[in-house]
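Just below is one structure, and these are the notes that go with it.
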Amino acid sequence: MTTNYPQVAVVILNWNGRYFLEKFLPSVFNSSYPNLSFVLGDNASTDDSVAFVRECYPTIKIIENGSNKGFAGGYNAVLEQVDADYFVLLNSDVEVTEKWIEPVIEMLERNANMAAAQPKIRALHERSKFEHAGASGGFIDAYGYPFCRGRILSHTEEDTGQYDNSIDVFWATGAALFIKADAWRASGGFDADFFAHMEEIDLCWRLKRMGFRIGVCPSSVVYHVGGGTLNASNPKKTFLNFRNNLMMLQKNLPFWTACRVIFVRLWLDLFALIQFLLKGKFGDAWAISRAHQEFFWYFFRTASKRKKLLGPFFEHGIYKGLIVSAYYFGDKKKFSSLSSKDFIR
């Protein structure tokens, strides 16, 4: 193992993921990067996934959490015990390609003030299309709705190379997140209260407030199943997405901006709740109601985190309008249809 390359640790967080580990770990384990280690962090799985890795991949370090701490808390606990220059937080349902690590590390090494980056994410089951969770780099609109280069709302584009340039983005996907270990520690890692969903956007927002940049490196490509733990129609996922999004806005927006945006979001969320009711999706409707209840229950706890964040409030790179409105009424179903003038500078 050469010391000419920064030390990289690929860290996979697992919860009852034997199927995904058996299917995708071979491609990850055969990665060509010279100075590489592998860590499996386990969130108290009840299947035989840990035994499988211990038997078939004895060189992989296994760190077992005593309980299921979710994506956010689980990674926080595991990464406290990992020593490397770079962490790669990789979902267990990701298939990697040849030399997927090298170009991202090279980009981060060239840019001292870039803390984190992601590869291009394609869909495993529709390999010519971008995948929902990350595509070719993430952004958010003025009301906190996330979207990507290559994915707006549920519409994913065919990847024809239209987003193959490396650029700064607002957030990088947690499905394959490359981050400098020093930046991870300085930021405090994920907000464990999020449990799962939106934690990577919150982390990237905090990193930007600290003066760091976030990037996408499309010359690295991985394929993601998506929804491996919670599928899109799961009410628990609905609950976490709506609650965490409001918490993220409260933490990271200037006070009066946060008041205005959250007020509007509550009404938009009510409209979404009614839509779920009309479609007979009562579990999802109740999940939104629960999300609002917990948001207000933890309101002062979340507010206290605003004082602990480093750096000024940061809005640069946020889409100025409501992406839902642009999609349905402005016919802007592709990222390329958005102008740079549409983003806060």
Criterion first (under 30 Å from residue 307 (Cβ atoms) and of a type in the set (Gly, Ala, Ser)) does residue 196 satisfy it? yes
If residue 160 satisfies all but one of (1) over 11 Å from the mean Cα position of the chain (by Cα); (2) β-branched (Val, Ile, Thr); (3) buried (at least 21 other Cβ atoms within 10 Å of the Cβ), what's the number of the condition it fails? (3)
Read through the list (1) free of Cβ contacts under 8 Å to residues at least 60 places away in the same chain; (2) on the phi > 0 side of the Ramachandran plot, then give the number of the only condition that residue 126 fails. (2)
A careful count of residues in region 188-207 that are surrounded by 22 or more Cβ atoms within 10 Å (Cβ to Cβ) and over 13 Å from the mean Cα position of the chain (by Cα) gives 2
For residue 75, which of the numbered conditions (1) in a loop (DSSP other than H, G, I, E, B); (2) touching a residue at least 60 places away in the same chain (Cβ under 8 Å) fails to hold? (1)
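Take residues that are touching a residue at least 40 places away in the same chain (Cβ under 8 Å), polar (S, T, N, Q) and under 27 Å from residue 301 (Cα atoms) and tell me which of the helices (runs of 4 or more DSSP H) falling wholly in region 151-253 contain 2 or more.
On the way: elements: 181-187, 199-209, 235-252.
Counting at least 2 such residues, we get 235-252.
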Could you give every pair whose Cβ atoms fall below 6 Å, whose first residue belongs to region 267-290 and is farther than 19 Å from residue 144 by Cα and in the same structural domain as residue 245 (by TED's automatic domain parsing), and whose second residue is surrounded by 14 or more Cβ atoms within 10 Å (Cβ to Cβ) and of a type in the set (Val, Ile, Thr), counting only separations of at least 6 or pairs across chains? 284/238
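Consider region 141-157. How many of its residues are surrounded by 18 or more Cβ atoms within 10 Å (Cβ to Cβ) and more than 25 Å from residue 247 (Cα to Cα)?
Looking only at that region, the number is 3.
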Of the residues in region 310-326, how many are surrounded by 17 or more Cβ atoms within 10 Å (Cβ to Cβ) and modelled with pLDDT under 85? 2
Test: residue in region 90-104 that is at negative phi, in contact with a Pro (Cβ under 7 Å, 6 or more places away or on another chain) and among the hydrophobic types (A, V, I, L, M, F, W, C): yes
Only one of 111, 65, 14 that is under 19 Å from the mean Cα position of the chain (by Cα) and either under 30 Å from residue 248 (Cβ atoms) or assigned by TED's automatic domain parsing to the domain that holds residue 244 (or both): 14
Residue count for region 163-197, restricted to those that are closer than 16 Å to residue 107 by Cβ and acidic (Asp, Glu): 2
Conditions: (1) in the same structural domain as residue 42 (by TED's automatic domain parsing); (2) in contact with a Ser or Thr (Cβ under 9 Å, 6 or more places away or on another chain). Residue 214 meets all but one. Number of the miss? (2)
Please indicate, with yes or no, whether at least one residue in region 115-125 is closer than 16 Å to residue 221 by Cα, of a type in the set (Lys, Arg) and at pLDDT 95 or above. yes
Scan of region 65-116 for residues that are of a type in the set (Lys, Arg) and crowded, with 20+ Cβ neighbours inside 10 Å, ordered by number: 69
Taking region 16-63 as the search range and keeping residues that are part of a loop (DSSP other than H, G, I, E, B) and touching a residue at least 60 places away in the same chain (Cβ under 8 Å), which one is farthest from residue 84 (Cα to Cα)? 17
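The values are calculated or read from the model by the stated rules, or taken from the named source; none is laboratory data. Every value quoted in this text rests on a predicted model; they were computed, and no experiment measured them. Cβ sites come from the backbone with ideal geometry, for glycine too, and all protein chains shown count toward neighbours.
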